[in-house]
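Chemist: To start, I am sharing the structure in question, which I have written as structure tokens.
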Amino acid sequence: MADSTTGEAFVEFERVQKSYDGENLVVKDLNLSMPKGEFLTMLGPSGSGKTTCLMMLAGFETATHGDIRLGGTSINNIPPHKRGIGMVFQNYALFPHMTIAENLSFPLEVRKIGKSEREKKVQHALDMVEMGAFGGRRPAQLSGGQQQRIALARALVFEPELVLMDEPLGALDKQLREKMQFEITDLAHRLGITTVYVTHDQTEALTMSDRVAVFDDGRIQQLAPPDLLYEEPENSFVAQFIGENNTMLGVVKEIRGEEALVQLDGGELIDCKPVNVTAVGDRTRVSIRPERVEYNPERLKPGAHTLKAEVLEFIYMGDIFRTRLRVAGNDEFIIKTRNAPDQRRLSPGEQIEIGWLPQDCRALDA
Ligand SMILES: Nc1ncnc2c1ncn2[C@@H]1O[C@H](COP(=O)(O)OP(=O)(O)OP(=O)(O)O)[C@@H](O)[C@H]1O
Ligand SMILES: [Mg+2]
């Protein structure tokens, strides 16, 4: 199934299921279609099935049901080394007894590439990750970040069309991680490589990817570009997994087109955007981002919805103010306000009125 919005499909999962024990499905009905050159990240909690999906694509595991295609051809019966896929895994160690150059040469030898050609490709791959002078060292003589770059070079040295990376930066400190995030996406885009990247770090996923597939419980909960995922979560899981959200439980009282009237459990009536509620009487979790809530009466937009709130905590964080409120019985209602010279600061105990636009408040599954 080609994705008509993004071009012809290069990697496809169609109705893929996986069970390790013949009983429980750890991947349930996975459908995914990636165009060539896309950088797609699988993001989700531990055990949600991300690595299993990569392993099936790589050929180290077979799908229990469904079809996986690469360039339009079903790969279910093609062994891993014939799939032409480069791989970088968190614990996919370099061979310790070989030099860096020998490590990189290995995938080329397996592919029966001649000596002089191998040497040229190895040097080129090392230069690409700025490790050109390190070919003679052994892995133990490199820092963690340098080893990671070599692992990346080894995955790319045979010029694969598809690269799979499973938490490749998990072991690195924050600074190096951020540098490598940039290097990986830059390299992938420059070489036009199609990449499937796995992480459970949402910032990493949002900053690196063309699209993110949010996994939970063996299913893709939402597949979208980073901004859409953040702005328009389609269900409660995604709304709470990506970024911060205030949520309140209630019941749908009315649905008219693009607006739903919800009665919160505390009794308050609010207008929301109906996202995945279908009928009057549905239980719902309404969800609103902390930065979409306004407490300056003069800055409230026309049509904004208002509620009374009590300030419980006000934290000065430099660029923003973070305020915790009691709203409709919820003591964990957070708002974030940009620090500006004319921005009023709040104090605990203060009674205020907050407001937001109905379209910023999403009525999701309870
Ligand atoms: N070889 C295996 N045999 C049996 N069960 C397995 C095997 N590998 C994974 N599982 C189970 O399948 C489920 C999905 O595992 P998977 O490794 O795909 O999750 P993940 O999303 O990569 O998690 P993490 O973020 O912790 O790496 C888990 O419940 C796990 O226990
Ligand atoms: Mg995993």
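The values are calculated or read from the model by the stated rules, or taken from the named source; none is laboratory data. Since we're looking at a predicted model, the values are computed, not measured. Because the Cβ atoms are built from the backbone with ideal geometry, glycine has one as well, and the counts that use them run over all protein chains shown. All accessible areas refer to the heavy atoms of the entire protein, side chains included, with ligands and DNA or RNA removed. Shrake-Rupley method; radii C 1.70, N 1.55, O 1.52, S 1.80 Å.
Chemist: With the structure loaded, tell me whether Ala58 is open to solvent by 20 Å² or more (accessible area, probe 1.4 Å), touching a strand residue (DSSP E or B) at 6+ places or on another chain (Cβ under 8 Å) and within 16 Å of ligand 1 (Cβ to nearest atom) or whether it fails that test.
Modeler: So Ala58 does not fit the description; no.
Chemist: Out of the residues in segment 107-120 that are crowded, with 18+ Cβ neighbours inside 10 Å and within 24 Å of Asp166 (Cα to Cα), state the one that is modelled with the lowest pLDDT.
Modeler: Across segment 107-120, the extreme among qualifying residues is Pro107.
Chemist: Which one of these does Glu291 not meet: (1) free of Cβ contacts under 8 Å to residues at least 40 places away in the same chain; (2) acidic (Asp, Glu); (3) not in a strand (DSSP E or B)?
Modeler: Checking Glu291 against (1) free of Cβ contacts under 8 Å to residues at least 40 places away in the same chain; (2) acidic (Asp, Glu); (3) not in a strand (DSSP E or B), the one that fails is (1).
Chemist: Which of the helices (runs of 4 or more DSSP H) found entirely inside segment 161-231 contain at least 2 residues meeting this: within 14 Å of ligand 1 (Cβ to nearest atom), in the same structural domain as Pro80 (by TED's automatic domain parsing) and at negative phi?
Modeler: Numbers: elements: 174-191, 202-208, 226-231.
Result: 202-208.
Chemist: Within segment 17-47, can you find the residues that are open to solvent by less than 50 Å² (accessible area, probe 1.4 Å) and under 17 Å from the mean Cα position of the chain (by Cα)?
Modeler: Hits for segment 17-47 are Leu30, Leu32, Ser33, Met34, Glu38, Phe39, Leu40, Thr41, Met42, Leu43, Gly44, Pro45.
Chemist: Let me ask another. When you scan segment 67-89, do you find a residue that is closer than 22 Å to Tyr197 by Cβ and touching a Ser or Thr at 6+ places or on another chain (Cβ under 8 Å), even just one?
Modeler: Yes, the conditions are met somewhere in segment 67-89.
Chemist: Return yes or no: is Phe321 assigned to a strand (DSSP E or B), without any contact (Cβ under 8 Å) to a residue 60 or more places away in the chain and either away from ligand 2 (no atom under 16 Å from the Cβ) or surrounded by fewer than 15 Cβ atoms within 10 Å (Cβ to Cβ) (or both)?
Modeler: On the way: assigned to a strand (DSSP E or B): yes; without any contact (Cβ under 8 Å) to a residue 60 or more places away in the chain: yes; either away from ligand 2 (no atom under 16 Å from the Cβ) or surrounded by fewer than 15 Cβ atoms within 10 Å (Cβ to Cβ) (or both): yes.
Yes.
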